[in-house]
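The values are calculated or read from the model by the stated rules, or taken from the named source; none is laboratory data. Since the model is a prediction, treat every value here as computed from it, not as a measurement. Here the Cβ is made from the backbone with ideal geometry for all residues, glycine too, and neighbour counts use every protein chain on show.
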Amino acid sequence: MPTYPSTLPAPLADGYALSPVDPVIRTEMETGASRSRRRSKSRNDVLDVAFLFSDAEFLAFRDWYDDDATGLAGGVSWFTISLPVGNGGATVEEAKFKEIWKAGKVSSLWRVTGKLEIR
């Protein structure tokens, strides 16, 4: 499993947000209260993350993201990354980009944002 490159900066605290995926399925009944059941016991949270990269770091990130052999194969592979997810500091988590990242230029740096699905 690929690992987030240690040469790249960690996600920023600014814009970092954890959204748990609702594991409950609700069925509305014709009369009375709805019925609920748990879809899964697995934890599938979604994280909004942002990174600030220099030009060289942004190039390294793009190369790693697209690399079929040791990277994310265009975003389809799971990878390990150290993230604070409420386990008492940063812990190594398995993550995958939920959708393609976006980048914008901020002064001389690149601000890359995206959504990570963690399991």
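Summary of computed values
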read-out: Within segment 51-110, tally of residues that are among the charged types (D, E, K, R) and closer than 14 Å to P5 by Cβ; value: 5
read-out: Exclusive hit being part of a loop (DSSP other than H, G, I, E, B), surrounded by 15 or more Cβ atoms within 10 Å (Cβ to Cβ) and among the hydrophobic types (A, V, I, L, M, F, W, C), set L47, L72, L83; value: L72
read-out: Single residue of segment 22-49 satisfying the filter (at pLDDT 80 or above and among the hydroxyl-bearing types (S, T, Y)) that is nearest to the chain's Cα centre (by Cα); value: T27
read-out: V112 being closer than 19 Å to A13 by Cα, touching a Pro at 6+ places or on another chain (Cβ under 8 Å) and touching a residue at least 40 places away in the same chain (Cβ under 8 Å); value: no
read-out: Any pair with Cβ under 8 angstrom, 6 or more apart, that starts in segment 1-21 at a residue that is under 13 Å from A50 (Cβ atoms) and assigned to a loop (DSSP other than H, G, I, E, B) and ends at one that is polar (S, T, N, Q) and modelled with pLDDT of 70 or more; value: A10/S82; G15/T113
